[in-house]
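Participant: I am attaching a structure below and will ask some questions about it afterwards.
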Amino acid sequence: MKFTGTDSYVATEDLMVAVNAAITLQRPLLVKGEPGTGKTMLAIEVANAIAAPLIEWHIKSTTKAQHGLYEYDAVSRLRDSQLGDERVHDIANYIIHGKLWEAFESKERPVLLIDEIDKADIEFPNDLLLELDRMEFFVYETKRTIQSVHRPIVFITSNNEKELPDAFLRRCFFHYIRFPDRETMEQIVDVHYPGLKRNLLSEALNIFFEIREVPGLKKKPSTSELLDWIKLLVADDISPEVLRSRDMKTLIPPLHGALLKNEQDVHMFERLAFMARRESGI
Amino acid sequence: MFTELFYELRKAKVSASLKEYLALMEAMDARVANMSVEEFYYLSRATLVKDERNFDKFDVVFGHVFKGLESLDQDRTAEIPEEWLRKLAELTLTEEEMAEVEAMGGFEKLMEELKKRLEEQQKRHQGGNKWIGTAGRSPFGAYGYNPEGVRIGQEGSRHRRAVKVWDRREYKNLDDTVELGTRNIKIALRRLRRFAREGAALELDLPDTVRSTANNGGYLDLKLVPERHNTVKVLLFLDIGGSMDDHTRTCEELFSAAGSEFKHLEYFYFHNFIYEYVWRDNRRRHQERIPTWDVMHTYASDYKLIIVGDATMSPYEIAYPGGSVEHWNEESGQIWLDRLLTTYPSAIWLNPVTERHWTYTQSLQMTHQLMGGRMFPLTVDGLDRGMRELSR
């Protein structure tokens, strides 16, 4: 059960080693990296590659660790008791299973994605230490211990908004998805748009890496933005010549909306383009 | 060898723990890395380092601890322990082949031959049937077809490539203990976040609902509480112009990072020191001035005050009326700063000047004293200390 990337996901060697270590040793893998470099996609693709069910748990600022285990729906039990419903006698009827519970009870070995863990409260990772270590937890209401049938493969993504506690980090493997170099980027684009003309790709990548080099951009375009942009270029049937000739007429690349997501960035880019044109005297 | 890596890492302030080291051993045991140095590098990095800022330190330590590997590749006379080869041969060779090895005079003979020829040979060699090289029939060298052959140098290039991975030091710019980036500032400022319940009651308050239902004789009585919000309010005063021009970029970064961080953030500009007027738009600073009194009356004392400035000027600008370089100020800057500090007890001063140089400037010392020691350098560490002070 080795992960070596898939038809639609290019994995670098260091990523493969980290993923395989996490799978073999059954420990969580913490994935960090610039937004849009495929952190979340990784879990989805690994689940596809090893044909395991995928359970996604998206974290918000209000998410508590307990939400992932279970919740006791006291309000509906109260309502049922007032209406004289029979279900009220069994407290287990009001225990709502969380994502971790779901993963622990899965019949096959599942892939569990805990997405954007840094969005949650600072105590959140600490509250999951034991659960992720032993893959079990105790339900107080029913006095039952939920143990995992198969230890799930856990992927945790973080955008670096908060520092994660050391005790939590020690229990994980860690991988930082670096922004792909040109060679890897070509592979990635190739995987997504197999029939792309070589010269269009090379012109597009030129522009893309040029934009990333522009100092002071608020949000640098990343892999997912590049893929969107190329999709637009293909859809609009823009020829590589148009991309190349842009420094003659318009300096701002066509369909830039896919690459620059911030109007200040667009303004800045236009200003730079204008200045460059004035200098070249056209 | 591995314990050395572990201790060197700890020495380099990469806090790897015993648990992580054991995990690495376990992974090695489970053959996660296929015995290639490069994969071992990736594996040990994924196990021992948990922060991309430490990747560069790790690269340095790894290169340092395993630098022997590099020379192994170049120094061909390095001794290969005989036992290894013998074991390998026993595992891979068929009985027939083993017999042929014996024909050469056994392993000892083969090894002696190798040593002798390595000494004789000086140049690279290809073909032929005596010298060590590639594609020949000599017992030594790579890609040959002598069953007695000893492979030399075929896997070697892998080492060299692997060494490059950490020697390239691609993560250098992520090690940001010195430089201040927007991301750092954001993380530092996030320390300030305080959540509190304010505003419209939208969330169900379960304990209160249960209590009040019980009081209500068992009939459901829903209780709601407002959602939690970040309630930190910040007043930001930025020094602009003059001696601050060097630091304008840093300040702008701080400012742009701060912009998205708090719900209530009010910012004002001043020049050198705070007097009776501040302004919001630096281009219209002479037309649209805001009296400092108004600021103090508008924003309540639960705002946190952050002043960014280098506090480098003539001491008169702080201590005497009329000391300002731009206008005639009726009251000294000292008095104005004092008023601000009384209104906003939770306050810090961030200074872009390196902390070591603070003692050399008199005005800086005075400001430091006026702030009651709450001046911090404009570095990640300084911001961090400042935020701790503010959230106290």
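The values are calculated or read from the model by the stated rules, or taken from the named source; none is laboratory data. Nothing here was measured: the structure is a model prediction, and the numbers come from that model. Cβ atoms come from the backbone with ideal geometry, glycine included; neighbour counts cover every protein chain shown. Note: accessible area is taken over every heavy atom of the protein model, side chains too, but ligands, DNA and RNA are not part of it. Shrake-Rupley method; radii C 1.70, N 1.55, O 1.52, S 1.80 Å.
Participant: Do we find that residue A:177 is surrounded by 14 or more Cβ atoms within 10 Å (Cβ to Cβ), touching a Gly at 6+ places or on another chain (Cβ under 7 Å), on the phi < 0 side of the Ramachandran plot and touching a residue at least 60 places away in the same chain (Cβ under 8 Å) in this structure? Steps first, please.
Facilitator: On the way: surrounded by 14 or more Cβ atoms within 10 Å (Cβ to Cβ): yes; touching a Gly at 6+ places or on another chain (Cβ under 7 Å): yes; on the phi < 0 side of the Ramachandran plot: yes; touching a residue at least 60 places away in the same chain (Cβ under 8 Å): yes.
So residue A:177 passes the test.
Participant: So, in the range B:16-31, how many residues would count as being facing chain A (nearest Cβ under 10 Å) and open to solvent by 70 Å² or more (accessible area, probe 1.4 Å)?
Facilitator: Residues in the range B:16-31 being facing chain A (nearest Cβ under 10 Å) and open to solvent by 70 Å² or more (accessible area, probe 1.4 Å): 5 in total.
Participant: Still on this structure, I have one more. Evaluate the range B:309-327: report whether one residue or more is more than 21 Å from residue B:378 (Cβ to Cβ), open to solvent by less than 80 Å² (accessible area, probe 1.4 Å), among the polar types (S, T, N, Q) and out of contact with any strand residue (DSSP E or B) (no Cβ under 8 Å at 6 or more places or on another chain). Before the answer, list the steps.
Facilitator: Taking the range B:309-327 first, the residues more than 21 Å from residue B:378 (Cβ to Cβ) are B:314-316, B:319-327.
With open to solvent by less than 80 Å² (accessible area, probe 1.4 Å) added as a condition, the list becomes B:314-315, B:319, B:321-324, B:327.
From what's left, among the polar types (S, T, N, Q): B:314, B:324.
Cutting the leftovers down to out of contact with any strand residue (DSSP E or B) (no Cβ under 8 Å at 6 or more places or on another chain) gives us B:314.
Yes - at least one qualifying residue is present in the range B:309-327.
Residue-wise test of (1) buried (at least 20 other Cβ atoms within 10 Å of the Cβ); (2) at pLDDT 80 or above; (3) within 16 Å of residue A:19 (Cα to Cα); (4) in contact with a helix residue (DSSP H, G or I) (Cβ under 7 Å, 6 or more places away or on another chain).
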| residue | (1), (2), (3), (4) |
| --- | --- |
| B:1 | no, no, no, no |
| B:4 | no, yes, no, yes |
| B:11 | no, yes, no, no |
| B:33 | yes, no, yes, yes |
| B:49 | yes, yes, yes, yes |
| B:61 | yes, yes, no, yes |
| B:79 | no, no, no, no |
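Participant: List the number of the failed condition for residue A:122; all other conditions in (1) crowded, with 18+ Cβ neighbours inside 10 Å; (2) within 12 Å of another protein chain (Cβ to nearest Cβ); (3) not in a helix (DSSP H, G or I) hold.
Facilitator: Status for residue A:122: all satisfied but (1).
Participant: Regarding the range A:47-55, can at least one residue be identified that is at pLDDT below 90, within 14 Å of chain B (Cβ to nearest Cβ) and either closer than 30 Å to residue A:160 by Cα or touching a Ser or Thr at 6+ places or on another chain (Cβ under 8 Å) (or both)?
Facilitator: no
Participant: Against the conditions (1) farther than 28 Å from residue A:94 by Cβ; (2) open to solvent by 20 Å² or more (accessible area, probe 1.4 Å), where does residue A:64 fall short? Just the number, please.
Facilitator: Failed condition: (1).
Participant: Pick out the one residue from A:196, A:169, A:226 that is within 14 Å of chain B (Cβ to nearest Cβ), among the hydrophobic types (A, V, I, L, M, F, W, C) and closer than 30 Å to residue A:51 by Cα. Let's see the steps before the verdict.
Facilitator: Values: A:196 fails: within 14 Å of chain B (Cβ to nearest Cβ); A:226 fails: within 14 Å of chain B (Cβ to nearest Cβ).
Within the list A:196, A:169, A:226, the selection yields A:169.
Participant: Select from the range A:136-183 the residues that are among the hydroxyl-bearing types (Ser, Thr, Tyr) and closer than 25 Å to residue A:37 by Cβ and write down the one among them that is nearest to the chain's Cα centre (by Cα).
Facilitator: Applying the first criterion (among the hydroxyl-bearing types (Ser, Thr, Tyr)) to the range A:136-183 yields A:140, A:142, A:145, A:148, A:157-158, A:176.
Still in the list and also closer than 25 Å to residue A:37 by Cβ: A:157-158, A:176.
On the way: A:157: 6, A:158: 8, A:176: 12 Å.
Once the filter is applied, the top-ranked residue is A:157.
Participant: Go through A:135, A:185 for me and flag whichever is more than 14 Å from every other protein chain (Cβ to nearest Cβ), modelled with pLDDT under 90 and at positive phi.
Facilitator: Numbers: A:185 fails: at positive phi.
Exactly one of A:135, A:185 is more than 14 Å from every other protein chain (Cβ to nearest Cβ), modelled with pLDDT under 90 and at positive phi, namely A:135.
Participant: Hey, could you check the range A:182-215 for residues that are touching a Lys or Arg at 6+ places or on another chain (Cβ under 9 Å) and part of a loop (DSSP other than H, G, I, E, B) and say which is surrounded by the most Cβ atoms within 10 Å (Cβ to Cβ)?
Facilitator: Filtering first and then ranking leaves A:193.
Participant: Follow-up. Please state which one of A:108, A:161 is surrounded by fewer than 17 Cβ atoms within 10 Å (Cβ to Cβ), of a type in the set (Asp, Glu), out of contact with any Gly (no Cβ under 9 Å at 6 or more places or on another chain) and modelled with pLDDT of 85 or more. Even if it seems obvious, please write down each step before you answer.
Facilitator: Numbers: A:161 fails: modelled with pLDDT of 85 or more.
Testing whether each residue is surrounded by fewer than 17 Cβ atoms within 10 Å (Cβ to Cβ), of a type in the set (Asp, Glu), out of contact with any Gly (no Cβ under 9 Å at 6 or more places or on another chain) and modelled with pLDDT of 85 or more leaves just A:108.
Okay, residues lined up against (1) surrounded by 13 or more Cβ atoms within 10 Å (Cβ to Cβ); (2) more than 17 Å from residue B:235 (Cβ to Cβ):
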{"site": "B:279", "(1), (2)": "yes, no"}
{"site": "B:289", "(1), (2)": "yes, no"}
{"site": "B:337", "(1), (2)": "yes, no"}
{"site": "B:348", "(1), (2)": "yes, no"}
{"site": "B:356", "(1), (2)": "no, yes"}
{"site": "B:361", "(1), (2)": "yes, yes"}
{"site": "B:387", "(1), (2)": "yes, no"}
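Participant: Looking only at the range B:32-53, count every residue that is more than 10 Å from chain A (Cβ to nearest Cβ) and assigned to a helix (DSSP H, G or I) and tell me the total.
Facilitator: Final tally of qualifying residues: 1.
Participant: Another question, if that's okay. What number of residues within the range A:158-170 satisfy the criterion of being touching a residue at least 60 places away in the same chain (Cβ under 8 Å) and touching a helix residue (DSSP H, G or I) at 6+ places or on another chain (Cβ under 6 Å)? Show your work before the answer.
Facilitator: Residues of the range A:158-170 touching a residue at least 60 places away in the same chain (Cβ under 8 Å): A:158-160, A:164, A:169.
Filter again for touching a helix residue (DSSP H, G or I) at 6+ places or on another chain (Cβ under 6 Å), leaving A:158-159, A:164.
Final tally of qualifying residues: 3.
Participant: Got a sec? Which of A:86, A:71, A:123 is out of contact with any Phe, Trp or Tyr (no Cβ under 8 Å at 6 or more places or on another chain), modelled with pLDDT under 90 and farther than 30 Å from residue B:15 by Cβ?
Facilitator: On the way: A:71 fails: modelled with pLDDT under 90; A:123 fails: farther than 30 Å from residue B:15 by Cβ.
The conditions single out A:86.
Participant: Okay, next question. In this structure, does residue A:99 turn out to be away from chain B (no Cβ under 14 Å), within 18 Å of the chain's Cα centre (by Cα), of a type in the set (D, E, K, R) and closer than 23 Å to residue A:128 by Cβ?
Facilitator: On the way: away from chain B (no Cβ under 14 Å): yes; within 18 Å of the chain's Cα centre (by Cα): yes; of a type in the set (D, E, K, R): yes; closer than 23 Å to residue A:128 by Cβ: yes.
The answer is yes for residue A:99.
Participant: If you don't mind, there's one more thing I want to ask. Take residue A:155 and decide whether it is touching a residue at least 60 places away in the same chain (Cβ under 8 Å) and more than 10 Å from chain B (Cβ to nearest Cβ).
Facilitator: On the way: touching a residue at least 60 places away in the same chain (Cβ under 8 Å): yes; more than 10 Å from chain B (Cβ to nearest Cβ): yes.
Criteria met by residue A:155.
Participant: I've got another one for you. So if I check each of A:89, A:150, which one is in contact (Cβ under 8 Å) with a residue 24 or more places away in the chain and away from chain B (no Cβ under 12 Å)?
Facilitator: On the way: A:89 fails: in contact (Cβ under 8 Å) with a residue 24 or more places away in the chain.
Checking each option against the conditions leaves just A:150.
Participant: Just checking: which of the strands (runs of 3 or more DSSP E) contained wholly in the range B:287-359 hold 2 or more residues that are free of Cβ contacts under 8 Å to residues at least 24 places away in the same chain?
Facilitator: Numbers: elements: B:289-291, B:304-308, B:347-351.
By residue number, B:289-291.
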